[in-house]
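The values are calculated or read from the model by the stated rules, or taken from the named source; none is laboratory data. These numbers were taken from a predicted model, which means no experiment stands behind them. Every residue, glycine among them, receives a Cβ derived from its backbone with ideal geometry; neighbour counts consider all protein chains shown.
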Amino acid sequence: MALPFVPSDAGMLALQAATVLGPRPIARPGWMNRFRGRGWAFVPIGSIVVVIFAIRYVSSTATALTWLALIAVPILAAVALGWAMRGARPWAALAAVPLFVLAWTIKTSLVGEASAAVLSALSCVTLGVLLAAVTPPSWLKAGIVLMAAADVWLVVSDLLQTPNATLVAAAPPAGLPQLQSELFGTISLGYGDLFVAALLGAVLAAQWHRQWQAALLTLAIAAVFDLLFFFISELPATVPVALALIVMEAAQRVSVARRRRRPSMRADAIPRQAR
């Protein structure tokens, strides 16, 4: 029996919000400094635009990405459990094994689908932490917004649907799990939709309260945004993440402006004394 739309969507929204919460702050190793640069900010938009057009014009791309995900996602998930996520412990990396087994052996069940989706989310946490370590925060934030803008353009122009369907349909042999996209019940989510959530969490990881706020805001905006599913069949799920970032940045700027005004206002309130 297929899980109805509402609980399926709620599960995916919770996973995306949890992915925002996943990344932990890391002390960047010295050897990573040589790789630090603004150019990494173009990785998010490239991960969606380049992939979509590659699938569209190179027929073997979907198969190659399926194999890449099958190999890389469990490894990156293990790294997240052992190092990149909040609460990570080295021994916890072994938890990636049962998740992969469940995603493989009972992949048509809700448990199997959830296991595969969690693996993908964990792998995105690792990628988000690594990318945040080599990209200036302001540039990475711009990259998140650009990725969402590109996602909207691809959906509106009807350029996303066919390549995305090709990618989702690609399957490795022997019934191995399809980790290049996520399916839970009646809702599917692209890998990039979790990747962008991990990027938001990683860029805010040094400020735990802001990371929590970003996760809750992403969940709230996505819940409202997904009401559009009652009218259209496909939505760019990167948009709620970008909107959460924009709202938080705007709120922070307003807060800073208010704090700067307070000292001058207090100074003006001090009565002048005659000499």
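For every residue, the table says whether it meets (1) touching a residue at least 12 places away in the same chain (Cβ under 8 Å); (2) of a type outside the set (Phe, Trp, Tyr); (3) surrounded by 18 or more Cβ atoms within 10 Å (Cβ to Cβ).
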| site | (1), (2), (3) |
| --- | --- |
| Ala27 | no, yes, no |
| Arg36 | yes, yes, no |
| Ile71 | no, yes, no |
| Ala80 | yes, yes, yes |
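Taking the criterion of being under 28 Å from Trp139 (Cβ atoms) and out of contact with any helix residue (DSSP H, G or I) (no Cβ under 6 Å at 6 or more places or on another chain), the residues of the stretch 48-86 that qualify are Val50, Val51, Phe53, Leu65, Leu68, Ala69, Ala72, Ile75, Trp83, Arg86. For the stretch 119-203, the helices (runs of 4 or more DSSP H) that sit wholly inside it and include 1 or more residues that are modelled with pLDDT of 95 or more are 137-156, 191-203.
Considering each of Ser120, Ser109 in turn, give the residue that is of a type outside the set (A, V, I, L, M) and without any contact (Cβ under 8 Å) to a residue 40 or more places away in the chain. None of the others qualify; the one that does is Ser109.
The one condition from (1) touching a residue at least 60 places away in the same chain (Cβ under 8 Å); (2) surrounded by 18 or more Cβ atoms within 10 Å (Cβ to Cβ) that Leu130 does not meet is (1). Being under 26 Å from Trp212 (Cβ atoms) and touching a Ser or Thr at 6+ places or on another chain (Cβ under 9 Å) narrows it down to one of Pro23, Pro4, Pro74, Pro90, so name that one. Criteria check complete, one pass: Pro23.
Scanning the stretch 236-259 for residues that are in a helix (DSSP H, G or I) and either within 20 Å of Val152 (Cβ to Cβ) or modelled with pLDDT of 95 or more (or both) yields Val239, Pro240, Val241, Ala242, Leu243, Ala244, Leu245, Ile246, Val247, Met248, Glu249, Ala250.
Within the stretch 204-228, being of a type in the set (Gly, Ala, Ser), at pLDDT 95 or above and outside any helix (DSSP H, G or I) holds for one residue alone: Ala205.
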